[in-house]
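Colleague: Structure in structure tokens, see below.
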Amino acid sequence: MSKIITIYCEGKKGSHDYDILEKIIYGLPADLQIEPIGGIRGAGAIIQYKEKGIAKSDCYILFRDRDFDKPIPPSTTLEQDEKKPYCYYSYRNTIENYLFDTSLFFSFLKQKHLCEKYAIDSDHDVKDKFIEAAEQIRYYQAVRHTMGKMRTSETDFGTKLTAKSGKLPERLDEESCRDEAWRKIGEGKLATNSWTKDNFLKFYQAFIDAFDKDFMENLNFLIYFQGKDFASSLKLILPGFPLRDYYKFAKKGFDYRKFPDLVQLRELIEKKL
């Protein structure tokens, strides 16, 4: 009798997480199941509840976004949580980050006859638009990474300056982003000695310095920046862009083998069978 293996993920059936996981496990035994759990907060308790009740897996894992909860590692890898060994983090910041590719984006524009509308005639033109979108949220992403680095499990002031990821602040200039982030940190009720303006500025400057010209030219923001934020910034540059249709297009032909961490995830699952 083969093992029952459950892969827990964020979102719901039909979400990016679910659809990409389906691509990763394609061809593996049918008793391998994907179980979406909605948001990541309280994931451990939800999984334990399911495992004691309806799931009863022989083994299970949680595949989740990094999303400022863990720093981006220096090399491409699937990262296991030391405290929760069933939990594995994607290398890229969020699942949306895996869906943006210059060649794929250009193919979509050609298929939808949108090249003329956006004055895009090549992959290189797409790259320029991607970089423009990333530059537009550079300061906001630097403060989000800074807040992720400074927050603690005791007091989590989050990393967003708005209600949710993908909803960008009205003002994206450096001073506005930096001041609003420090204000949110200052609202913490259990301030620690590490929550100082000097530390905040030191961490922030390190991220700003990292997000330099080479970083942009190499499209490293597709790894580091929050995917929903990047998509929203791109839509500001390309008004009326059909983002939902693009996501469907990108997922239809998605090839997990282009991403070493997703290949590692497939191999991890195969070993558990």
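Colleague: Where residues in the range 224-237 are surrounded by fewer than 18 Cβ atoms within 10 Å (Cβ to Cβ) and touching a residue at least 24 places away in the same chain (Cβ under 8 Å), which of them is farthest from LEU109 (Cα to Cα)? Outline the logic, then answer.
Modeller: Applying the first criterion (surrounded by fewer than 18 Cβ atoms within 10 Å (Cβ to Cβ)) to the range 224-237 yields 235-237.
With the extra rule that they be touching a residue at least 24 places away in the same chain (Cβ under 8 Å), the set shrinks to 236-237.
Details: LEU236: 16, ILE237: 15 Å.
Checking each candidate, the answer is LEU236.
Colleague: Within the range 1-115, considering only strands (runs of 3 or more DSSP E) that don't extend past its boundaries, which have at least 2 residues that are aliphatic (A, V, I, L, M) and open to solvent by less than 40 Å² (accessible area, probe 1.4 Å)? Can you show your working first?
Modeller: Details: elements: 5-9, 32-36, 59-64, 87-89.
Qualifying strands (runs of 3 or more DSSP E): 5-9, 32-36, 59-64.
Colleague: Can you list residue pairs whose Cβ atoms sit under 6 Å apart, with the first residue in the range 56-70 being at positive phi and of a type outside the set (A, V, I, L, M) and the second being modelled with pLDDT under 95 and open to solvent by less than 50 Å² (accessible area, probe 1.4 Å)? Count only pairs 6 or more apart in sequence or on different chains.
Modeller: PHE68/GLY148; PHE68/THR159
Colleague: Follow-up. I'd like the full set of residues that are in contact with a helix residue (DSSP H, G or I) (Cβ under 6 Å, 6 or more places away or on another chain), closer than 29 Å to TYR60 by Cβ and not in a helix (DSSP H, G or I), limited to the range 223-258.
Modeller: PHE254
Colleague: Still on this model: Cβ contacts < 6 Å: first residue on the phi < 0 side of the Ramachandran plot, restricted to the range 251-273; second residue surrounded by 15 or more Cβ atoms within 10 Å (Cβ to Cβ) and among the polar types (S, T, N, Q), any location; separation 6+ or different chain. Result?
Modeller: From the range 251-273, the pairs are PRO260/THR76; ASP261/THR76.
The values are calculated or read from the model by the stated rules, or taken from the named source; none is laboratory data. All values derive from a computational prediction rather than experimental measurement. So basically every Cβ, Gly included, is an ideal-geometry build from the backbone, and we count neighbours across all protein chains shown. Heads up: the accessible areas ignore ligands, DNA and RNA and are worked out on the full protein's heavy atoms, side chains in. Shrake-Rupley method; radii C 1.70, N 1.55, O 1.52, S 1.80 Å.
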